[in-house]
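One structure follows; several queries about it will come next.
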Amino acid sequence: MKTHNFYSFLFLISIAISASAFSIDLLGIAPEDEKYYKADVIKCKDGSKKFKREQLNDEFCDCPDGTDEPGTSACPEGKFYCRNAGHSPLILYSSRVNDGICDCCDGSDEYDGKAKCPNTCWEAGKVAREKLKKKIATYQEGVTLRKKEVEQAKQAFSKDEADLLKLKNEEKILKGLVQQLKEQKEQIEKAEEQERLKKEKEKKLREAEENASEQEKKPIEKHETEEHIDEVPHPKEENADAAVEAGSGDNSQSGTSPSNVIKQETAEGSDGTVVKDESKASVDHAAKQEGAEANAGTVIKDERGHDAGTGTEAFADHAAKQEQEKSDTIEGLSKEELGRLVASRWTGENAGQQTKELDNAKEEEDDGSSEIPEAAENDGYDGYSSATDEDDRKYDNDEMEEHNMDDEHDDRDNSYNSDVEDYSDSKTLHSQSWLDKLQQTVRNILQAVSLFKTPVDISEAARVRKEYDESSQKLSKMQSRISSLSEKLKHDFGMEKEFYSFYDHCFESKQNKYVYKVCPFKQASQVEGHSTTQLGRWEKFEESYRIMQFSSGDKCWNGPDRSLKVRLRCGLKNELADVDEPSRCEYVAVLSTPALCLEERLKELHHKLDLMNTKEPKSHDEL
Amino acid sequence: MASSKLISLSLLSLLFLLHLSTVSSWKKDEFRNCNQTPFCKRSRSRKPGHCNLVATDVTLENGDLTAKLLPQSPNQRIEESKDGEEEEAAPEPPKPLILKLSVYQNGILRLKIDEDPSLDPPKKRFEVPDVILSEFEEQKLWLQRVSTEGGSSIVYMDGDYEGVLRHDPFEVYVRRKGGDRVVSVNSNGLFDFEQLRKKREGEDWEERWRSHTDTRPYGPQSISFDVSFYGADFVYGIPEHASTSLALRPTRGPGVEDSEPYRLFNLDVFEFLHDSPFGIYGSIPFMLSHGKDHGTSGFFWLNAAEMQIDVLSSGWDANSGIAEPSGRGRIDTLWMSEAGIVDTFFFMGPGPKDVARRYATVTGTSAMPQLFSTAYHQCRWNYRDEEDVENVDTQFDEHDIPYDVLWLDIDHTDGKRYFTWDRALFPHPEEMQRKLAAKGRHMVTIVDPHIKRDESFPLHKEATAKGYYVKDASGRDYDGWCWPGSSSYPDMLNPEIRSWWGDKFSYENYVGSTPSLYIWNDMNEPSVFNGPEVTMPRDAIHYGDVEHRELHNAYGYYFHMSTSNGLLKRGDGKDRPFVLSRAFFAGTQRYGAVWTGDNSADWDHLRSSVPMILTLGLTGLSFSGADVGGFFGNPEPELLVRWYQLGAYYPFFRGHAHHDTKRREPWLFGEQNTARIRDAIHIRYALLPYFYTMFREANTSGIPVMRPLWMEFPADDATFNNDEAFMIGNSILVQGIYSEGVKSTTVYLPEGQSWYDLRNGAAYRGGVSHKLEVTQESIPAFQKAGTIVPRKDRFRRGSTQMVNDPYTLVIALNGSLAAEGELYIDDGKSYDFKKGAYIHRRFVFSDGKLISSNIAPTNSGKQPYSSNCVIERIILLGLPSGAKGALVEPANYRTDIEPGTLTLRGGSIPVARVIRKPNVRITDDWTIKIL
């Protein structure tokens, strides 16, 4: 006997039975593949060699790619196909065949008798079909919504494009006018300057005669400047004073309240005085937390108190120093402070951004007296779901919020947005006439003051100046509108511009005490009370518009820059949910949106349902 | 506060920050160096010839040789150089010490020196209990007589050795019968023994360290002495230190710059350096020496107090004129301990395996592990909730990557109260474990020794009420700080407390535990965040009035023991415990596995993992590994892949990561890297039958699973300080790749045989270095010619599903076309193997025949273990082509031989002759003849 059947040998040791050729031969082969195995000599699919038909599923791996063992576990790279009539077919790794675990609902992967796998396809299929039907319903509606959305987006897009084109033309004209006015203005100014010089000369002559009286004036002026320092100053002057006081040339500050100072400084990050202020402020902040923090050491508190919302570099800086301080001053710490300090090396829990993790139940628990469960912290905590997890989760969250960009949090976007508003009003209503009028006006002016005489006609000069100021203001508004529009149009809005409306939207989701705010094409943040942590700036779409990637957010203490991946799935509303942090400072979230309700996908789902319905096993015919 | 400094330092600190990120944050100044440790400083400052003790009154007592050690002349002591320490100037006349020499079977000499109990010392000095096997005591040879030879007393040892006590000056050594010395104590006269005495007026015994004060109520009590190894090229052992060198580098003497001794003091060191003599989590005071001409010997000091050991470089004693100058094949070492007694063991070789076996007769062999625990473990601080656990589990299956155990770190508990669950994150722990168990997988949860001082925590209440905590110097329950905050520590020295603790692992007590749950003991050095050097104060008090200083290095051992015995009890003594511990001591191998602690994700830590694990193996602790990927920091994908490729050969194979690191489950680094990691893990699973056989060898003999090359090739001196390659068993050699972007590497293959590449079967000559190309796909690994390695090549989800899978035998033929190997199988979980329920086969190939024969003792078959497994494939490397068939006997059928590949990987090239489907049963005797 030349070839030995493994299973007969195993179970019927000395009796040689050739197992039912049909069942063994076709095991694990997909229906569309059956033809491939018809021949007497079969090629390994990778072309590496050939095998005889009797070597098919003979429990010995001949082809490294597993061609000869689709129905056994003999080839590590083999794949097993189960039909799962009544449900969906499944392709398994060969490692699952006869491993004692039922993987196929029809039980076909466990045929060696060691595990009993009842056929559950119809029952499981029923659930799956129901789910699928629901999903199809969602998709059907979603596809319609999406079409509408795409239509609107296309219109909006072309309109924006047209606007941009128009604006650019207008800008060209306006620029010309402004230039003309400017030249005019400069000529006027030149003339005025000459006049002034002339007058000054005359004045100097007079002054020479009035020396005595001048000497008395000086002390008075001096006195006045001194007063400036003490009194609430004129902003400009104060600025200079502050710079002098700080003993550095930095005069870029303009704020006066301590919080402003901090904000600016952390952004700029170098001036000594301000760092001082900042540390004071953070000590104050820390002091406020004292109540909640129970017995925590001051060193730690200081760091915790400092929120990581802004100025991360300055913060890290601060932390590093604290660390240095710690190793220097361990002697002065109480036993508990020392314990906390050493523990924090592993946990990093003294870090600023850890505030969120620390200031609830956990904190109290640390002092060993409280009974408050940690549940509070973990409520509504959704874990992180597998990327392959289907879109079937959570449609029940109804509070969907859409926000316009004119939001107090984002200064940059905010500023140009409001500009856009008032400009677009005038523009859309009567832009042409407005521009015509302006052109007319300028023409008039140019004609009127084309020839100069000295002295300058004061009312003419004022008119030119006024027109120039107004026009250049309009020009700069127009330019900022152009730049924001072209900025917008530069983005990739999807295959059919289906994400166009996202540009002016932010999506929010509240989880515990945090509000997560995702503004596509802009940034994403985590807001807690007054503190905002940037989770990332817009980077791009990934996985063919199934993921929105935000990166380079605020830096984590002892960790990476924060980032956020928003997975998109088909839903009837734009709805942000399931924000999570699977790795430290790497966030994920799910956004349901009609934009993902693709027609092709709907077709696939229909097809899948058809398959499931038609492959009903005979035993369930009565259904 | 810091505000004023902030101003002046704002710029500086930015620079400092940059600096910090590149420099390790090991807090060096939080730990004592030798100079800051009075006993160490004192011992080190002594000159050769310091000791003036003379052995007198030599007699035989209870089968032992005993003698008294007395100073030659009491006045000499005072003339000695002083270092300003008061205790050095004790004018009190020293009392005689009692010396005892015992001889045991297999060439083991034991030397004990202690104070004379009959002279009423203030306190009994601590002798570490529960480490020496009781069976060992039964192996004592009853000395019948002592011969004297010119001022020396000589006892005969088993074999070719004799133990010698020279009287004046006192010295103890072992020599070959009438010939060369092998190991000696006090040849350089550095012996010193600080006897306990009453405190005199004005004496201040306190020691201060940073903000801590050690009251030292018993004053100085340290012991030190020199040990010399003769004919030694290198010395090895005394873990645990992070090092890139397997051989111990000299710590003092000519040519040594960084002059710190090797420290043995169990400490939780944050971000330990990859190369430093500094003490970390565990201690085994066992040293081995090896030389080309004189073979191997070993020396073990059973002492659990802080120990410092100097390896002295040649010429350190240049002008002493006391002993024969070092450097002629002798390596001198200086051993110093803060407390305890002298209880030392001399082990004779001549071979490395002889020494390993003998050491194991004293401290025990490694416990037979659960089969699942020899497979791959997946850990992270922390898998956060049940959904996370389920998701990770599912993803392993989705990527067809096998794993056996999923681990939960401290955050699974309710506020770090061990034996509890955070019910918000883990509302259904039993169900979670059952789901894993349904796939044959296991779970491990962490249980640390610090107990949260929380009146509402029953465990704390009970421990307090029963007085089960370690006490501080004032007699109150010691209150330290660890993960839960204020914590106390059960006194594991007390057998009653150990038993009480063990009971906490019963299913009733540990609510939410199931039979598939096993345990991880961390922080058991013990780690105390606000204690001196991040551990417990030395003057804390244990059971029997033992000071913490006396047993510190064994605290973790007792904790591990207690946990392990608890699990044993949980399973009615039928289920082998699996407990991973971070702290360890001599004997830990009997209770479970250890890992090398909180390493870092950098190449140097990858490199040092090999000498560290090899050293643990040499000192009896076979079941050990390093965190794959590195605990701290984020490994680059290349480093992570290399770590998996190396870690697949660690005896204990676990991926682990700190909670600040990015997720690093094997499928997160792109398909190519996923495939590489999968491949590495698959290699381990394929080799599980071989590994398990080696674990059995370690269990019966004490010879480690992972071995330094010189253990297998003791005569090949090119292997003696090879830190980069190692052997798994006697058949497989592995060379790690320890740096980035490596395209080629040099591998030394030991002499005597040729070697076959484990992936492609290419043959290489032994005794030379080969320059090999290296790809990202694998690290170099070879099978020695003349060996047979059993494998299971079918891929599964985990080891549980492989039980019935058929075997593949890989036969690497040597020059005479012969090879042999073994296979050990049992049920993988119970103790039935102790009653003979196992299969142990020897495969021998010679004269064109492969014979399988039973090597299990035939009378042990009371409870036979049976298996239906067959051999599906036999791969012959080095067989001349031509053979077309084979005859299987006694069944008497023919099967085919065809060209085949060494592995079933796609793209493999046929390099071997393959016997196709011999389908012989693994339990049977059979012969396969090549036709």
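Among B:ASN35, B:SER513, B:PHE299, flag the residue with its Cα farthest along the positive direction of the charge dipole of chain B, charges on Cβ as +1 for Lys/Arg and -1 for Asp/Glu.
B:SER513
Another question, if that's okay. For the Cα atoms of chain B, what angle does the longest principal axis make with the long axis of helix B:352-363, in degrees from 0 to 90, nearest 10?
So the helix axis and the longest Cα principal axis differ by about 60 degrees.
While we're looking at this one, here's another question. Could you size up the charge dipole of region B:277-415 around its Cα centre, putting +1 on the beta carbon of Lys and Arg and -1 on that of Asp and Glu, and report it in debye to the nearest 20? Don't skip to the answer; put the middle values down first.
On the way: 8 positive and 22 negative charges, 302 e Å.
For this selection, approximately 1460 debye.
Where in region A:455-486 does the amide nitrogen come within less than 18 Å of the point 7 Å from the Cα of A:TRP434, taken along Cα to Cβ?
A:467-486
Sticking with this one: Rounded, prolate or oblate: which fits region B:243-307, taking a ≥ b ≥ c as square roots of the Cα gyration tensor eigenvalues, rounded meaning a/c under 1.5, else prolate when a/b beats b/c?
Oblate shape, in that a/c is at least 1.5 and b/c is the bigger or equal ratio.
What is the order of B:HIS682, B:HIS290, fewest Cβ neighbours within 10 Å to most?
B:HIS682, B:HIS290
Given R₀ = 35 Å, what would the calculated FRET efficiency be for A:SER334 paired with B:LYS292, taking r from the Cβ atoms and rounding to 0.05?
Step by step, r from the Cβ atoms, then E = 0.05.
Something else: Summing -39500 (n - 2.57) over the DSSP H runs of n ≥ 4 in chain B and dividing by its residue number, what mean residue ellipticity at 222 nm do you reach, to the nearest 500 deg cm²/dmol?
-6000 deg cm²/dmol
Be a star and scan region A:89-127 for residues whose amide nitrogen sits under 19 Å from the point 7 Å along the Cα-to-Cβ vector of A:TYR37.
Only A:89-99, A:103-113 pass the distance filter.
Might you report the magnitude of the Cβ-based charge dipole of region B:710-802 about its Cα centre, with Lys and Arg at +1 and Asp and Glu at -1, to the nearest 20 debye?
The dipole of region B:710-802 has a size of about 640 debye.
Still on this structure, I have one more. If you count, for every residue in B:795-807, the Cβ atoms of partner chains within 10 Å of its Cβ, what is the mean?
5
Okay, moving on. Picking from B:LEU551, B:LEU733, B:PRO458, whose Cα lies most toward the positive end of the charge dipole for chain B (charges on Cβ: Lys, Arg +1; Asp, Glu -1)?
B:LEU733
Multiply the residue gap between B:SER259 and B:THR215 by 0.36 nm, knock off their C-alpha separation, and tell me the result in nm, one decimal place.
13.0 nm
Shape of region B:537-619 from its Cα gyration tensor (a ≥ b ≥ c, root eigenvalues): rounded if a/c is under 1.5, otherwise prolate when a/b > b/c, or oblate?
Numbers: a/c = 2.46, a/b = 1.22, b/c = 2.02.
Oblate is the answer for region B:537-619, as a/c is 1.5 or above yet b/c matches or exceeds a/b.
Now, a different point. Of the listed peptides B:144-157, B:219-232, what is their order by residue-averaged count of other C-beta atoms within 10 Å, with the highest listed first?
Top of the packing list down: B:219-232, B:144-157.
So how strong a dipole does chain B carry about its Cα centre when Lys and Arg Cβ are +1 and Asp and Glu Cβ are -1, to the nearest 20 debye? Provide the component values of the computation, followed by the final result.
On the way: 104 positive and 126 negative charges, 526 e Å.
Taking the Cα centre of chain B as origin, the dipole is about 2520 debye.
By counting other Cβ atoms within 10 Å of each Cβ, how are A:LYS135, A:LYS182, A:LYS172 ranked from fewest to most?
Listing A:LYS135, A:LYS182, A:LYS172 from fewest to most nearby Cβ atoms yields A:LYS172, A:LYS182, A:LYS135.
What ranking do A:ILE445, B:ILE677, B:ILE909, B:ILE519 get, fewest neighbouring Cβ atoms within 10 angstrom at the top?
B:ILE909, A:ILE445, B:ILE519, B:ILE677
Could you tell me how many degrees, from 0 to 90 and to the nearest 10, lie between the Cα long axis of helix B:637-647 and the main elongation axis, the longest principal axis, of the Cα atoms of chain B?
Long axis of B:637-647 versus the principal axis of chain B: about 80 degrees.
Could you list, by residue number, the cysteines of chain B that have no other cysteine's beta carbon within less than 4.7 Å of their beta carbon?
So far as the 4.7 Å Cβ criterion goes, B:CYS51, B:CYS379, B:CYS482, B:CYS869 stand without a partner in chain B.
Taking the Cα atoms only, what angle lies between the long axis of helix B:386-398 and the longest principal axis of chain B, rounded to 10 degrees?
That helix lies at roughly 50 degrees to the long axis.
Right, something else. Which of rounded, prolate, oblate describes region B:220-279, given a ≥ b ≥ c as roots of the alpha-carbon gyration tensor eigenvalues and a/c under 1.5 marking rounded, otherwise prolate only if a/b is larger than b/c? Don't jump to the answer; show the numbers that get you there.
Numbers: a/c = 1.70, a/b = 1.20, b/c = 1.42.
Judged from the Cα gyration tensor, region B:220-279 comes out oblate (a/c at least 1.5, b/c at or above a/b).
Provide a whole-number value for the mean count of partner chain Cβ atoms within 10 Å of the Cβ atoms in peptide B:627-637.
Per residue, the average neighbour count from other chains is 1.
Could you work out the mean count of beta carbons from other protein chains within 10 Å of each residue's beta carbon in A:62-71?
For this peptide, the per-residue mean of nearby foreign Cβ atoms is 2.
Sorted by mean Cβ packing within 10 Å, highest first, what order do the peptides B:31-38, A:526-533 take?
So the order, starting with the most tightly packed, is B:31-38, A:526-533.
Order of B:919-926, B:444-451, B:471-478, B:555-562 by packing, highest average Cβ count within 10 Å first?
By packing density, highest mean first, the sequence is B:555-562, B:444-451, B:919-926, B:471-478.
Can you list the residues, at least 5 places off or on another chain, whose amide H is less than 5 Å from the amide H of B:TYR893, using H built in the peptide plane?
B:VAL888
Where a number appears in this text, it was derived from the coordinates with a stated rule and is not lab data. This structure is a prediction, so every number in the text was calculated from the model and none was measured. Virtual Cβ from ideal backbone geometry, glycine too; neighbours counted across all protein chains shown.
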